[in-house]
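Enquirer: Please find one structure pasted underneath; my questions will follow.
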Amino acid sequence: MKKIDFYGSIQEEIGVIMAFSKIHEQLGFTRLVPSKNRGFDIESIEYNGEEVTIEFEFKSSNFIAHGHPSKMIEGRNYVVVCWEDDCGLMSQLADEYNKELFDLIEIRNYVRIKEDFETSSLSQSDKPKYVVLSYNPEMAGGRDFGDWAFSHCYRVNTSEDNPKFAKDSLPPGSKILFYQEGYIIGGFTVVRYEVIDEPQTKKEWELYKKLTDYPASLYAIEIDQYKEHFYRGHIFYTDFFDARDFKVLFSNYVSKKMSRQGKINISKDDYYRIIGK
């Protein structure tokens, strides 16, 4: 089968899904069906004449790390689609869990990676950053971390003299993880970062509220509440995820201590080791 070209390396599950969508017919899947938010990624799809359930992973070992073996139902056909089978998943499931996969597909066998010219041409300051921020519910209005799944803007305390991020800049595509009581509890991907000085007039406050409420506010935050605790750094984000169920102990991956600003810069490799991809 002819390989497809990817400009830039695949390092996340979403890249596996993108590649799969391009070659699903050649692999034996006659049609694409929507994924689900809960359970396995695709509950039912036809594969070479058989009905199967699909789970996408970057590395096959994540199938075990995410607790999927215990959710496998006897009599159902399961297919894992991953970038790399790093643990001999089919054998491991049979030996340790007495479970059987219908098939395992390594997408890397069907993809040719080409140089990512766009990323390589970026200046150092424009390249995505990898940052861990401390999450304190009291500083977040008493809100549980999971509530931020329903928002789009996370505010941070920053000043000209003591910026939260270098040069008051956070490039699009940067990855943010959140730390609480020793554990990584989740994260998101930066769409853009805006530094907004505190509004001075009633009209400016009304415009500011519309900006931070759109397209979905985190509950009904009134202007008086913004005035009481105004933070000038605004991270607009996507791809929010909650990792509290996985108990990711931060010290197992990074030896750095949290700064007084509640921030740690980490490497790209550290980020992907922490999230298990």
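Enquirer: Say we look at segment 1-55 and pick out the residues that are among the aliphatic types (A, V, I, L, M) and part of a helix (DSSP H, G or I); which of these is surrounded by the most Cβ atoms within 10 Å (Cβ to Cβ)?
Expert: Checking each candidate, the answer is VAL16.
Enquirer: Can you pull out every residue in segment 56-76 that is among the β-branched types (Val, Ile, Thr) and not in a helix (DSSP H, G or I)?
Expert: Correct list: ILE73 only.
Enquirer: I've got another one for you. So which of SER91, SER60 is among the polar types (S, T, N, Q) and either closer than 26 Å to ASP242 by Cβ or not assigned by TED's automatic domain parsing to the domain that holds SER21 (or both)?
Expert: SER60
Enquirer: Only one of GLU198, GLU206 is among the acidic types (Asp, Glu), more than 30 Å from GLY276 (Cα to Cα), without any contact (Cβ under 8 Å) to a residue 60 or more places away in the chain and touching a Pro at 6+ places or on another chain (Cβ under 9 Å); which?
Expert: GLU206
Enquirer: Return the residues of segment 164-184 that are free of Cβ contacts under 8 Å to residues at least 60 places away in the same chain and over 22 Å from GLN11 (Cβ atoms); say none if nothing qualifies.
Expert: Once the filter is applied, which keeps residues that are free of Cβ contacts under 8 Å to residues at least 60 places away in the same chain and over 22 Å from GLN11 (Cβ atoms), segment 164-184 yields ALA166, LYS167, SER169, GLN180, GLU181.
Enquirer: Could I ask something else about it? Out of the residues in segment 238-268 that are over 15 Å from ILE184 (Cα atoms) and at pLDDT below 90, state the one that is surrounded by the most Cβ atoms within 10 Å (Cβ to Cβ).
Expert: Only one residue tops the list, namely GLN261.
Enquirer: Quick check, is VAL195 surrounded by 13 or more Cβ atoms within 10 Å (Cβ to Cβ), assigned by TED's automatic domain parsing to the domain that holds PRO128, modelled with pLDDT of 90 or more and within 16 Å of PHE150 (Cα to Cα)?
Expert: No, not satisfied.
Enquirer: Checking the condition on the phi > 0 side of the Ramachandran plot and at pLDDT 90 or above, which residue from GLY142, GLY39, GLY88 passes? Explain how you work it out, then say what you get.
Expert: Details: GLY142 fails: at pLDDT 90 or above; GLY39 fails: at pLDDT 90 or above.
Answer to the selection: GLY88.
Enquirer: So for segment 89-100 (the condition being of a type in the set (D, E, K, R) and in a loop (DSSP other than H, G, I, E, B)), does at least one residue qualify?
Expert: yes
The values are calculated or read from the model by the stated rules, or taken from the named source; none is laboratory data. The shown structure was predicted, so the numbers you read here are calculated from the model rather than taken from an experiment. Neighbour counts are summed over all protein chains in view; Cβ atoms, including those assigned to glycine, are modelled from backbone coordinates with ideal geometry.
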